[in-house]
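Inspection log for the structure reproduced underneath, given as structure tokens.
The values are calculated or read from the model by the stated rules, or taken from the named source; none is laboratory data. Just so you know, these numbers come straight off a predicted model, no measurement behind them. Here Cβ is always computed from backbone atoms with ideal geometry, including for glycine, and neighbour counts include all displayed protein chains. Remember, those area values only see protein heavy atoms, side chains included, never the ligands or the DNA or RNA. Shrake-Rupley method; radii C 1.70, N 1.55, O 1.52, S 1.80 Å.
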Amino acid sequence: MSKRQLDEARTQLESAYQESVVMLCLAAEGKDQDTASHLHRVQHYTQALAMAVGIDEKEAAHMGLMSMLHDIGKLATPDAILKKPGKLTDEEWVIMREHPIAGVKILGNNPFYEVAREISAGHHENFDGTGYPNKLKSEEIPLSARIVKLADVFDALTTKRPYKEPWSMEDALENIELNSTGMFDPKLVAVFKELFEDGTLVRIQTTYSN
Ligand SMILES: [Fe+2]
Ligand SMILES: [Fe+2]
């Protein structure tokens, strides 16, 4: 096989596995009210934030792709809970809070999904140690999970959901900043704000709107 053929085969394989990740996520999304565009916005907010904190381009793109799997564990959450219109009971919350670990199980042992496992396990941990499932604190939470948590919450705040109107990016960032020592890594929040100021976040939102 020539070098050109090898390169072609590699590119084809790469786009095939990237597409399988997206297909898997969309299959899981079908169970949830979230949309495909939410996943793409989270992907690109994650990638931009990762690059802005100095992670190299290839790794940042991989982190972005893996971020799409943050809620893959919801495949294991019963529809009666996932799609319940009203408030969840305490028992239902217990089951809901199992999705980060359920995701880790679904993602198996392949090293390719290492970052996705970190993200699934850590995206509901809080910087001050009050999150779940492991009550990890500050740097104990993997950087990838701290980045995706910010991207995920920011997107939830700035888009329309069945129960709320979208907030402006300014309001969302202000709210996140007020919470930044609790839920979020304050250093990441500061960098994320710069990405708002230089127009990156708006560009991503416009590109991947519903
Ligand atoms: Fe989640
Ligand atoms: Fe999400």
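General remarks:
- Accessible-area composition of the chain, carbon plus sulfur, in percent [1.4 Å probe]: 56 percent
- Max mean-square fluctuation residue, GNM over the chain, Cα-Cα springs under 10 Å, options F112, F184, F127: F112
- Solution diffusion estimate, µm²/s, Stokes-Einstein, segment 79-181, Kirkwood Rh from C-alpha pairs, 10 °C, viscosity 1.306 mPa s: 105 µm²/s
- Remark: the Q18-K187 segment gains 57.8 nm on full extension, using 0.36 nm per residue and subtracting the alpha carbon distance.
- Relative protection proxy for 55-61, 131-137, 71-77, 102-108, from highest mean packing down: 71-77, 102-108, 131-137, 55-61 (other beta-carbon atoms within 10 angstrom).
- Violating pairs (Cα-Cα greater than 21 angstrom) within the set K137/K187; K87/K164; K58/K160; K135/K160: K58/K160; K135/K160
- Rg then Dmax, both in Å and based on the Cα atoms of the chain: 17.3, 61.
- Segment 25-117 gives an Rg/Rh value of 1.03, both radii derived from C-alpha positions and Rh following Kirkwood.
- The slack in the chain from V94 to K137, taken as 0.36 nm per residue of separation less the alpha-carbon distance, amounts to 13.4 nm.
- Each label was represented as a point 7 Å from its Cα along the Cα-to-Cβ direction; for F112 and A80 these points are 3.7 nm apart.
- Mean accessible surface per residue for segment 3-207, computed with a 1.4 Å probe while every protein chain stays in place, in Å²: 53 Å²
- Segment D198-K87, extension gain: residue separation times 0.36 nm, minus the distance between their alpha carbons: 36.1 nm
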